[in-house]
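Accompanying notes for the structure given below.
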Amino acid sequence: MVSYDELGVRPVINAHNTLTVLGGSLMDPAVTEAMSLAARSFVDLNELQAAASARVARLTRNEDALVVSGASAGLLLGALAMMTRSDPRAVGQLLEQGAAALPRTEILMHRAHRIPYDNVLTLAGARVVEFGNAIQTQDWELDAAIGERTAGIVYVAGSHLSGAALPFEVVTRIARDRDVPVFVDAAAQLPPRENLWRFTQAGADLVAFSGGKELRGPQASGLLLGSRAYVDACRQHAFPLQRFGRPAKVGKEEIMGLLTALDLWLERDLESDLARAEHVAATWITELSDLPGITATRDWPGEAGGPWPRVRVQWAAGVHPPALEVAARLAGADPRVIVFVASECAFWINPVLVTDTEAELVGAAVGRELGRTAPAS
Ligand SMILES: *Cc1c(COP(=O)(O)O)cnc(C)c1O
């Protein structure tokens, strides 16, 4: 068996977040066991996907569902589905001539919702059309942006993005009036649990979640939830067919892993996880507040707007080196600790993904780095 050690790749303590670049999240042994069991038999993938869809739809209170390779894959399939809807002729045109041959290729997004992940819409052959501005959006701006070439609307969920955007219910009302589908990118919007059904119940046609973030399933997995019509339209583009969604395929191992992770997550006691995160945060604050020139405070909500506390560690310029430098030193130390740089003289540490032992190591590592003030120069 090849190990990280053999490759000279040294694991890190993740006090940042469920970032793909750090490996997303860690799987429960039951999840890896399900994957390992799945790897030992051939199955009919269509049969497995149909059974997985039915189970996920029931558990998440949606009409239909599809296990995909990530929220990005959901965006890709969703964009294709909104452009062709369930018209087999449109699917044929797309495959033979590309998206330019389709009558509807524009995907509307709030300007305030533009995120790096929306590159995948261009990959699908869509053109992103923005409405509103970075500060605010009016409902007439969405209404005016809808035209003959509109394929759908992509709405990026999260309280951290909602200030400048229209309320979700306003978007679905206008979309319904104009017969335009709505796709919700809810990749990191768990908890609360209700988000699994809240958006579809409020009128979304499709909603995507990452399997490898909060759900703690396989890194290359995700959930696409929604109406029968639109999830079925997504299937017309997805593996195991050899169509545009083929590069976003999931294996039987990811499917079984994600189903197991979803079961575990739905059974999880989120209240006690939250209480534990608060406890770790409070311990860090007590420890770090003693450091020279440091203020450590509880920040809320988490990076993606979720109901998690995190600790902001801050100092006045010159008292300690710049935060980027401190973060780089923490990342290079033993153990390696990854923090989230917030500004020139502040970073966050996140209690959610660390074990109790790691929480102590993080406190000690930050204490070592910031335990002395910078020499006057
Ligand atoms: C993480 C994330 C994605 C990508 O999700 P994957 O499951 O890694 O493909 C897309 N959109 C948002 C808002 C995200 O946070």
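The values are calculated or read from the model by the stated rules, or taken from the named source; none is laboratory data. Values in this document were obtained by computation on a predicted structure and should not be read as measured data. So basically every Cβ, Gly included, is an ideal-geometry build from the backbone, and we count neighbours across all protein chains shown. Quick note on the areas: whole protein, heavy atoms, side chains included, nothing else; ligands and nucleic acids left out. Shrake-Rupley method; radii C 1.70, N 1.55, O 1.52, S 1.80 Å.
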Item checked: Matching residues, segment 347-377, being buried (at least 17 other Cβ atoms within 10 Å of the Cβ) and either among the β-branched types (V, I, T) or over 24 Å from D28 (Cβ atoms) (or both) -> F347, W348, I349, V352, V354, V362, G363, A365, V366, E369, L370
Note to self: When you check F183 against the structure, is it buried (at least 16 other Cβ atoms within 10 Å of the Cβ) and farther than 30 Å from R246 by Cα, yes or no?
What the structure shows: no
Notebook entry, point to check: Quick one: which of E287, E254, E267 is open to solvent by 30 Å² or more (accessible area, probe 1.4 Å), more than 30 Å from T32 (Cβ to Cβ) and modelled with pLDDT of 95 or more?
Noted result: E287
Checklist line | Candidate set from segment 34-63 (those that are touching a residue at least 12 places away in the same chain (Cβ under 8 Å) and of a type in the set (D, E, K, R)); member that is farthest from L241 (Cα to Cα) | finding: R61
Next item on the list: For A233, state whether it is of a type in the set (A, V, I, L, M), open to solvent by less than 30 Å² (accessible area, probe 1.4 Å) and more than 15 Å from the chain's Cα centre (by Cα).
Entry: yes
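So which strands (runs of 3 or more DSSP E) stay within segment 325-373 end to end and still have 2 or more residues that are within 21 Å of the chain's Cα centre (by Cα)?
The strands (runs of 3 or more DSSP E) meeting that bar are 340-343, 346-349.
Test E358 against the criterion of being modelled with pLDDT of 95 or more, farther than 30 Å from I115 by Cα and in contact with a strand residue (DSSP E or B) (Cβ under 6 Å, 6 or more places away or on another chain), and give yes or no. If you could, list the steps in order and put the result at the bottom.
On the way: modelled with pLDDT of 95 or more: yes; farther than 30 Å from I115 by Cα: yes; in contact with a strand residue (DSSP E or B) (Cβ under 6 Å, 6 or more places away or on another chain): yes.
Spelling it out, E358 is indeed modelled with pLDDT of 95 or more, farther than 30 Å from I115 by Cα and in contact with a strand residue (DSSP E or B) (Cβ under 6 Å, 6 or more places away or on another chain).
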Margin query: Being within 16 Å of the ligand (Cβ to nearest atom) and either more than 29 Å from the chain's Cα centre (by Cα) or surrounded by 12 or more Cβ atoms within 10 Å (Cβ to Cβ) (or both) is the filter here; which residues of segment 92-118 pass it?
Written below: I107, M109, H110, R111, A112, H113, R114, I115, Y117, D118
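Quick one: is T20 open to solvent by 10 Å² or more (accessible area, probe 1.4 Å) and within 16 Å of the ligand (Cβ to nearest atom)?
Yes; evaluated as a whole, the condition is true for this residue.
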Check: Which residue, of R176, R193, is closer than 19 Å to R228 by Cα and either among the basic types (K, R) or within 15 Å of the ligand (Cβ to nearest atom) (or both)?
Finding: R176
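Taking the condition free of Cβ contacts under 8 Å to residues at least 60 places away in the same chain, surrounded by fewer than 21 Cβ atoms within 10 Å (Cβ to Cβ) and either more than 11 Å from the ligand (Cβ to nearest atom) or in a strand (DSSP E or B) (or both), does P247 pass? Outline the logic, then answer.
Values: free of Cβ contacts under 8 Å to residues at least 60 places away in the same chain: yes; surrounded by fewer than 21 Cβ atoms within 10 Å (Cβ to Cβ): yes; either more than 11 Å from the ligand (Cβ to nearest atom) or in a strand (DSSP E or B) (or both): yes.
When the stated conditions are applied, P247 passes them.
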Check: Applying the selection to segment 217-230, what residues are over 12 Å from E254 (Cα atoms) and either outside any strand (DSSP E or B) or open to solvent by 10 Å² or more (accessible area, probe 1.4 Å) (or both)?
Finding: S227, R228, A229, Y230
Note to self: Looking at A81, A145, can you tell me which residue is more than 25 Å from R243 (Cβ to Cβ), away from the ligand (no atom under 16 Å from the Cβ) and not basic (K, R)?
What the structure shows: A145
